[in-house]
Amino acid sequence: MLVSLPEPPDVGDDVLVESARQGDYAAFETLVRRHQRRVYAVALGIVKNPAEAEEVAQETFLSAFEHLDGFRGEARFSTWLFRVASNHALMKLRKKKPEPWGDVTDLEPSLSRAQSRSEGTSPFDALSQWARRPDEAADANEVQDALSGALDALADDDRALLLMRSIAESSHEALAERFETTVPAIKSRLHRIRLQLRGLLDERLRGKPPP
Amino acid sequence: MSNPSRPVDCQQLVELLGDYVDNQLAPDQRASVDHHMNQCAPCMAFLRQYKFAPQAVRDHLLKAVPVDLEDRLLSFLKNRTKR
């Protein structure tokens with residue numbers, strides 16, 4: 001089992017990339033450690049399958065290693081990395097028949113770590129919390145289930161865009177370039193997706209049939 | 001704090017939410033939104049849900065990251081890059 005070493009503090013990605021490019025493999029491993037959780041999370045949100053999400057993460061970091069020499073430093077490394085991750089994930093998704101997010105047997109080991117702290121919370125408690133203080137309702141089983149369903153209901157590209165913004169923290173400018181559009185158009189699209197996500201969550205928590 | 005510009009209604013507030021949460025509104029427009037929400041509980045709840053939803057998605061997916069993913073990834077990469 002590999003030992004996880006503490007990450008060097010205050011060493012930017014650009015320094016690590018340059019070291020890795022010059023043959024410092026430990027610098028590359030530091031980049032992997034730094035970004036692997038979010039890369040996996042973005043991939044999982046897009047492909048909706050843990051095994052495939054891990055394949056995407058593998059492919060993404062392998063691409064990063066193989067293309068370090070060609071990396072254009074004018075973009076942030078993380079922006080480039082998450083763009084590669086989302087591309088790999090969307091390509092994988094489009095190669096196969098869509099599967100419902102609710103394939104619980106695939107997700108069960110992961111979801112067991114996200115079990116609600118308040119497993120006795122009734123649907124009405126969760127709903128009233130969602131209506132007034134959604135952050136306090138977050139751990140309720142009903143909200144976690146609603147999140148899964150709402151995410152699955154988004155169009156693939158919309159889901160990818162949302163995850164690039166919320167997990168990868170990509171800028172509007174980077175997203176506009178990635179989706180080949182303008183910054184105002186990306187802002188408008190993100191707003192529409194956020195409204196849709198809020199609406200989907202609300203419908204699921206209130207027990208209305210999804211669209 | 002800036003003074004509110006023209007008052008906004010609930011529909012107008014929804015249209016401004018994207019720029020509001022991204023801190024892109026002009027100060028007087030932001031003040032108008034704040035003023036409305038201080039007097040409109042449904043809009044305040046709507047804002048909380050609007051802000052919460054993407055954050056909740058993020059937390060939901062990050063919680064699902066396997067604890068041994070890092071080790072498996074590093075082993076895979078070491079093998080594939082012949083290190």
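Each reported figure results from applying straightforward, stated rules to the coordinates on display, with no laboratory input. Only a predicted model underlies this, so the values are computations on that prediction, with no experimental measurement involved. Neighbour counts are summed over all protein chains in view; Cβ atoms, including those assigned to glycine, are modelled from backbone coordinates with ideal geometry.
For chain B, take the longest principal axis of its alpha carbons; what is the angle in degrees between that and the long axis of helix B:27-39, to the nearest 10 within 0 to 90?
Long axis of B:27-39 versus the principal axis of chain B: about 80 degrees.
No partner Cβ under 4.7 angstrom, meaning no disulfide-compatible partner by this rule: which Cys of chain B qualify?
B:CYS10 - these cysteines have no disulfide-compatible partner (Cβ-Cβ under 4.7 Å) in chain B.
Other chains near A:183-192: what is the mean number of their Cβ atoms within 10 Å of each residue's Cβ? Before the final figure, lay out the partial values.
Details: counts 0, 0, 0, 0, 4, 1, 1, 4, 9, 1.
For this peptide, the per-residue mean of nearby foreign Cβ atoms is 2.
Kindly provide the Kirkwood hydrodynamic radius of chain B in Å, to one decimal, from all pairs of distinct alpha carbon atoms. Mind dumping the intermediate values first?
Details: mean 1/r = 0.0633 Å⁻¹.
Hydrodynamic radius (Kirkwood, Cα only) of chain B equals 15.8 Å.
With θ set to phi - 60° and the Karplus curve 6.51 cos²θ - 1.76 cosθ + 1.60, what are the ³J(HN,Hα) couplings of segment B:48-54 in order, to the nearest whole Hz, using x for Gly and Pro?
4, 5, 4, 6, 5, 4, x
Label points 7 Å out from Cα along the Cβ direction at A:GLU180 and B:VAL14: separation in nm?
Distance between the two pseudo-spin positions: 3.2 nm.
Evaluate the distance, in nm, between pseudo-label points positioned 7 Å from the Cα of B:ASN38 and of B:LYS82 along their respective Cα→Cβ axes.
If labels sit at B:ASN38 and B:LYS82, their model points lie 6.8 nm apart.
Consider all pairwise Cα distances in segment A:1-97 and report the whole-number % of them above 17 Å.
On the way: 2342 of 4656 pairs.
Above the 17 Å cut-off, segment A:1-97 has 50 percent of its Cα pairs.
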